[in-house]
Amino acid sequence: MNEYRQGEETSERKMKRLKRINKEIEEFRRDEELHKENVRRTKEEYEKACQNLNKTRNAIEDLEKIAKQITGHDGKDHDLQMHDNQIGENTNSGVETNKKDKRKMNIEVGKEHDKYKKGVKDVRRK
């Protein structure tokens, strides 16, 4: 009789275990449905974003075509381009504008200031 009771407990444990497993499966299925819904929404948002991107690109292309028709070339105004070139030529005539050269120039100016300050100190001491 003792063996029979152990068998019953084992089957009761199995039933409890099966109930827990079934409950977990139900929870996972609910989660699965939620994830499917999120994926569906994400796909819709992605497709909408792609459509907006295509509209924007088409608008840019249309405006570039109009600009090309107005100017006769790739959307750049020839007079402005010539003016830009003149500015470039004028600024490159002996005046350096990059950071490295500006630092060099500031160092040289600083040295000249130091020489001047030393000269003033020497004059005051005399």
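Bear in mind these aren't lab numbers, they're just calculated from the coordinates by the rules spelled out. None of the values given here were measured: they were computed from a predicted structure. Neighbour counts run over all protein chains shown; Cβ positions are idealised from the backbone, glycine included.
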Between the modelled labels at Glu27 and Lys68 (7 Å from Cα along Cα→Cβ) the distance in nm is 6.1
Expected unfolding gain across Glu37-Arg20 under the 0.36 nm per residue rule, minus the alpha-carbon gap, is 3.5 nm
In nanometres, the difference between 0.36 nm per residue of separation and the alpha-carbon distance of Ile107 and Arg13 is 25.1 nm
